[in-house]
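The values are calculated or read from the model by the stated rules, or taken from the named source; none is laboratory data. Remember, it's a predicted structure, so these values are computed and weren't measured experimentally. All Cβ positions, even for glycine, are placed from backbone atoms using ideal geometry, and neighbour counts span all protein chains on display.
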Amino acid sequence: MHPPGHIRSSVIGLVAVTASVLLLLGPAVPRPPLNWHTVLLCGMLVALTIFADFFDIDLPLSSVRISVSVSSALCFAAALALGPIVGALLAATAGLIVEVLDRRPLLKLAVNVSNYSLATFIAGWVYSELAEPGRSPIGSMTNLGVTIAAAAVYTTIESGIMALILARVVGTSPWRMWRASAAGVMAEWVTLPTLGSLIPVLERESPLALLIAVVPLLGPYLAFRSYRQIHDETRKTIEMLADTLDRRDPYTSEHSKRVAAYTEAILRQLEHVALEEAENIITAARIHDLGKVSTPDAALNKPGTLTPEEMTLIQRHVIDGAQILGNLSTYKATATIIRHHHERWDGTGYPDGLKGEEIPLGSRVIAVADTYDAMTSDRVYRRALPHHVAMAELRRCAGTQFDPQVVLAFERAMAAAPVYQQCRPATAAGND
């Protein structure tokens, strides 16, 4: 499968800009003397950068892979210690070796190598132009301030370029993509001045002293790896529980997965939603009926009219689901969305009677997706409704039960990708 032309052209443009900057400006910037000390330092920095790049950590996003690594800090340090052009060439060398060893696609290789090289060169150029010569990055307040500024330049360029490229791949705006990686960007911005200041000081003693830098690299890596592992295991466990609930009877099979698919389709039509918020909403859709673990089967699968007591038991599932997730710090936002996914636009829903935009956006989106799947699925008391009938009902209830803008977004999603109409099951959800 070949990448779309607009992605390929963006990558070619990035490579061309990077090559032009290095070729035109590189000869004019300071370079270190060529001796054994410089050669050994270059070798150590390349080795450390490669080592760090193989220990990157993925941020917990499902729609796109965004990684956090301290290899950027080493590229930045190379620019400060050896000058912008040598630092950029070292970043390119290390990046190329990593990409080849990892057998990454050519376009990804071109993006990563160009991005590292360009960010390293420009950040190094800023430092070389503004810093006091002959002093280390921490040798004066001026140099320390310049180091922090150069680190900001590096992170802005690196994260900005990745946001532009990934936004085209995912089909979203660069701003939404950049916001999704904001946590990693901030972590990198803090790390860059620290290692950027440490390495030039250490290398003045001996290039071998850079081995000391390995120690502070391992601590954050192990801590973040544990966090990511716990996050993944928790998510998989909760999703498995939701799937088990869906399989309790033939009327709930695959319901949560379909609602999550419809939810994602709606969010693609709502450009103002940040990627991180969209991730939380899709996660909530995937496990929106988690609270039904405490709902009796007799009420959940009753074919006739529910008694007031049974209706209370059914409505209780949103509170129970929110309480289960509320005990997990990483699922606080998800818990709020789940609690309110049966609220109504006119304020007559449950459990809190929220109205209009008082209802969280994710809850409003899931309400439409959940209702559509319920209407187009066989239930214990009626057969599934045809797609056009279900859509007509959503339009009729827009402005009373549903957010009108979300209903319009769902219509656009169905029109843009009719395949969603094909994922309606022969059997599906129980009482909501």
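If you go through segment 335-358 one residue at a time, do you hit one that is over 21 Å from residue 281 (Cβ atoms) and either in contact with a Ser or Thr (Cβ under 7 Å, 6 or more places away or on another chain) or modelled with pLDDT under 85 (or both)? Don't jump to the end; show me each part of the working.
Filtering segment 335-358 down to residues over 21 Å from residue 281 (Cβ atoms) leaves 346-348, 353.
Next, only the ones that are either in contact with a Ser or Thr (Cβ under 7 Å, 6 or more places away or on another chain) or modelled with pLDDT under 85 (or both) stay: 346.
The answer is yes, given that some residue of segment 335-358 is over 21 Å from residue 281 (Cβ atoms) and either in contact with a Ser or Thr (Cβ under 7 Å, 6 or more places away or on another chain) or modelled with pLDDT under 85 (or both).
Quick one: count up the residues across segment 338-381 that are in a helix (DSSP H, G or I), of a type outside the set (Gly, Ala, Ser) and over 15 Å from residue 403 (Cα atoms).
Step one: list which residues in segment 338-381 are in a helix (DSSP H, G or I), which gives 338-339, 356-358, 361-375.
Cutting the leftovers down to of a type outside the set (Gly, Ala, Ser) gives us 338-339, 357-358, 361, 364-366, 368, 370-373, 375.
Those still in the list that are over 15 Å from residue 403 (Cα atoms) too: 338-339, 373, 375.
Selection size over segment 338-381: 4.
In segment 11-32, which residue that is over 30 Å from residue 133 (Cα atoms) and in contact with a helix residue (DSSP H, G or I) (Cβ under 6 Å, 6 or more places away or on another chain) is modelled with the lowest pLDDT?
Initial filter on segment 11-32 (over 30 Å from residue 133 (Cα atoms)): 11-16.
Add one more test, that the residue is in contact with a helix residue (DSSP H, G or I) (Cβ under 6 Å, 6 or more places away or on another chain), and what stays is 11, 14-15.
Values: 11: 87, 14: 90, 15: 92.
Ranking the qualifying residues of segment 11-32, first place goes to 11.
Only one of 53, 102 is surrounded by fewer than 19 Cβ atoms within 10 Å (Cβ to Cβ), modelled with pLDDT under 85, of a type in the set (Asp, Glu) and not assigned by TED's automatic domain parsing to the domain that holds residue 279; which? Can you show your working first?
Details: 53 fails: surrounded by fewer than 19 Cβ atoms within 10 Å (Cβ to Cβ).
Going through 53, 102 in turn, just one is surrounded by fewer than 19 Cβ atoms within 10 Å (Cβ to Cβ), modelled with pLDDT under 85, of a type in the set (Asp, Glu) and not assigned by TED's automatic domain parsing to the domain that holds residue 279: 102.
Every residue, every condition in (1) touching an Asp or Glu at 6+ places or on another chain (Cβ under 7 Å); (2) closer than 19 Å to residue 30 by Cβ, yes or no:
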{"residue": "85", "(1), (2)": "no, yes"}
{"residue": "95", "(1), (2)": "no, no"}
{"residue": "111", "(1), (2)": "no, no"}
{"residue": "115", "(1), (2)": "yes, no"}
{"residue": "120", "(1), (2)": "no, yes"}
{"residue": "134", "(1), (2)": "no, yes"}
{"residue": "141", "(1), (2)": "no, no"}
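State which residue is farthest from the chain's Cα centre (by Cα) when the search covers only segment 144-170 and only residues that are surrounded by 22 or more Cβ atoms within 10 Å (Cβ to Cβ) and polar (S, T, N, Q).
The qualifying residue farthest from the chain's Cα centre (by Cα) is 147.
Looking at segment 134-151, can you tell me whether even one residue there is more than 23 Å from residue 200 (Cα to Cα), at pLDDT below 90, in the same structural domain as residue 85 (by TED's automatic domain parsing) and aliphatic (A, V, I, L, M)? Before you say what the answer is, go through the steps one by one.
Step one: list which residues in segment 134-151 are more than 23 Å from residue 200 (Cα to Cα), which gives none.
No, segment 134-151 contains no residue that is more than 23 Å from residue 200 (Cα to Cα), at pLDDT below 90, in the same structural domain as residue 85 (by TED's automatic domain parsing) and aliphatic (A, V, I, L, M).
Sort out which residues of segment 288-308 are surrounded by 11 or more Cβ atoms within 10 Å (Cβ to Cβ) and part of a helix (DSSP H, G or I), and write them in order of number. I'd like the intermediate steps shown before the answer.
To start, the set of residues in segment 288-308 that are surrounded by 11 or more Cβ atoms within 10 Å (Cβ to Cβ) comprises 288-297, 299-302, 306-307.
Matches in segment 288-308: 290, 291, 292, 293, 294, 297, 299, 300.
Evaluate segment 265-279: report whether one residue or more is farther than 30 Å from residue 408 by Cβ and not in a helix (DSSP H, G or I). Don't jump to the end; show me each part of the working.
Narrowing segment 265-279 to residues farther than 30 Å from residue 408 by Cβ: none.
No, segment 265-279 contains no residue that is farther than 30 Å from residue 408 by Cβ and not in a helix (DSSP H, G or I).
One residue is enough: does segment 318-340 have a residue meeting the conditions among the hydroxyl-bearing types (Ser, Thr, Tyr) and over 30 Å from the mean Cα position of the chain (by Cα)? Give the derivation first.
Taking segment 318-340 first, the residues among the hydroxyl-bearing types (Ser, Thr, Tyr) are 329-331, 334, 336.
From the residues that got through so far, the ones that are over 30 Å from the mean Cα position of the chain (by Cα) too are none.
There is no residue in segment 318-340 that is among the hydroxyl-bearing types (Ser, Thr, Tyr) and over 30 Å from the mean Cα position of the chain (by Cα).
In segment 102-137, what residues are part of a helix (DSSP H, G or I), over 24 Å from the mean Cα position of the chain (by Cα) and free of Cβ contacts under 8 Å to residues at least 12 places away in the same chain?
129
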